[in-house]
1. Report the local net charge at HIS282: Lys and Arg +1, Asp and Glu -1, summed over other residues whose C-beta lies under 15 Å from its C-beta.
2. Which of the listed residues, SER153, GLY200, ASN141, is farthest toward the dipole's positive end in the range 74-221, when Lys, Arg count +1 and Asp, Glu count -1 at the beta-carbon?
3. Just want the answer: with Cβ charges of +1 for Lys and Arg and -1 for Asp and Glu, which residue in GLY128, LEU452, GLY534 is farthest toward the dipole's positive end in the chain?
4. Between the range 194-264 and the range 274-345, how many Å separate their Cα centres?
5. Looking at the chain, which Cys residues are left with no other cysteine's beta carbon under 4.7 Å from theirs?
6. Which far-off residues, 5 or more places away or on another chain, put their amide H under 5 Å from the one on ALA84, with H placed in the peptide plane?
7. I need the phi-derived Karplus couplings for the range 98-112: 6.51 cos²θ - 1.76 cosθ + 1.60, θ = phi - 60°, integer Hz, Gly and Pro marked x.
8. Let's see if you can work this out: charge +1 on each Lys and Arg Cβ, -1 on each Asp and Glu Cβ, no other charges. What is the dipole magnitude of the range 1-145 about its Cα centre, in debye to the nearest 20?
Amino acid sequence: DALGMPVSAEEARYGRVADRLGQGRQLLVIDNCEHLIDACAELAAELLRRCPDLRILATSREPLDVEGEATWRVPSLELAPEGADPEHVLASEAAQLLLVRARMARPNLAFTAEDASTVARVCRELDGIPLALELAAARLNVLSLDELAERLSDRFRVLAHGRRSAPARHRTLEAAIAWSYDLLEPDEQLLLARLSVFSGGFTVDDAEIVCSGPSLPAHDVISLLSALLSKSLAQGQTGAMGRARHDLLESVRTFAGARLDPSDASALVERHAERFAALAEHAAPRLTGSEQVDWLNRLHADQDNLRTVLRRGGNDAARIAAAVWWFWLQFGHAAEGDRWVRASLEAPEKVDDRLQLELHRGAARLALAVGDPERARVHLLAAISIAEAEGLPGHLPADHGLLARVVASTGDHDEAHVRLGIARDQAQDAVPWVVAMVEHHAAVVEWHGGDLRAAAAAAAAAERRFQDAGDGWSACLARLGAARIAHQLGDTVDAVRLHRTNLARGLDLTVSSFDFVGLPQDLQDLAVLAGEVGRHRLAATLAGAAASLRTAVELRGSTSERHDLVLEAAAVAIGEDEVVGLYDLARGWPAPEAVKHALEGTADLLPDEFADQV
């Protein structure tokens, strides 16, 4: 019909179509191939053989898989990145479509800066899928934006009415997904339903371990997953540790989860919990050694799966909290980690002494990080008691060292030095990392006591020992302390050198460097140093970058007073308008750009003999 040819039976159909297209350059568009995939593939292959200059553009939810085919996956609409400012959120493709379609229902509707976070939430929940956004926009004739966001937990009921003129499969979100789901083979449908147990992605290993069973052998998972990826019902992701990761769009996950057999769900949830509790326990000892970058990033990639298990509670949640509190501390999620560890300690389920010990240790470090030294002290005393009673001396020196640090923060310097002496005595037989941690705590104790020379010596020793132990992250924190002590001693050159070293090393420590807690602190301290020598424009940009990164990693604003002083001095020197402009500009920088700017901008603060040192 499209070619204006009379319709006939099978007789020489490919030959007649090929003759009609001719031998010249032609473009043939074949739309919606997925429900006739085999016939469309046969047609395309035969026409390309007969018409050498023919080009075919085929749209389908899976490739035709014919020779010469190049696949281009149509992405969802662009979403604003996490933490983006309101202007960027409202300018994103997804937000713009939501607004344009919403105005068809409410012509005078406008999204304001105050709406940005809710707009971002709606667009993210709907994965930037145009049909879903259009259906959601239509509901803004009866719901407010906030009400729409709240009701997306029941998205298929809310997004259940489209335009009468649209094909049936485009009238509701559920019908659009069902159209693809119904084309799947039974085993593909079963795997898709089981994959809904994952949150935030999974590897092939995860899928084989969690989703396999008597009705779905593990060796079949990879081919079935490949089919789901080809049919656009699963999505490929960037992996950590060189592993391929995959995920389901949120709407597909919801649809698939509703088709999970209730008799299957309980065992599936148990396998999921065991998988990620075991992963966390495997990662724990590797977070402070030479493999820490890989394992920090693996835990970062699986945060949503870990959170899902933590929300369920029970023994598996306690295993995760006891294993990954160091990750929460390192990646700047101290407040979140503090909540999870406390929940496990307060849960009615009884856990063994080793878990109790690690939970108390984690609770102490995280309580200190969120500004509650008294609670940290309680947990440390509990940890020390358990370790001594159970004959587990491994980390006892570090426990005593941290207790000395907590006591010093309250002003009891005599007690702090007694505890520090115990820690150093016990550390003589400890592994290098524990010795390094004792020296790190010692630097803080001496700083609280006002002995800056002793603090500097301890910080330098901690940095060296952490490096020797392969713990680059802890070495950065020790170096941060050494830089601040050098600044207080009046050695600004060494302070600048140490902060610059940290910035360069920090980006190497994790692919997700935006989450590294040290970067905003080093940027803030360099802003102070730049302001002190009259480099106010540089100081304003560094302060802006520091503020953005500090917010992103949940870091407490311990430097806010100096932060304000930097900006006040800059405003006096170069004018408030210019300071605001520079500050706001820097707040939009990703971590690599902020670090590059800082390293280039502060290079001339070092004398020539340090020119080649970072």
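1. Summing Lys and Arg as +1 and Asp and Glu as -1 gives -4.
2. ASN141
3. So the residue furthest toward the plus end is GLY128.
4. 22
5. Isolated Cys, the chain: CYS51, CYS123, CYS211, CYS476.
6. Amide H to amide H, under 5 Å and 5 or more residues apart or across chains, ALA84 pairs with nothing.
7. So the Karplus estimates, Gly and Pro as x, are 4, 5, 4, 6, 5, 5, 5, 8, 9, x, 9, 5, 9, 8, 9 Hz.
8. The dipole of the range 1-145 has a size of about 460 debye.
A short reminder: the numbers here are calculations on the coordinates, not readings from a lab. Values in this document were obtained by computation on a predicted structure and should not be read as measured data. Neighbour counts run over all protein chains shown; Cβ positions are idealised from the backbone, glycine included.
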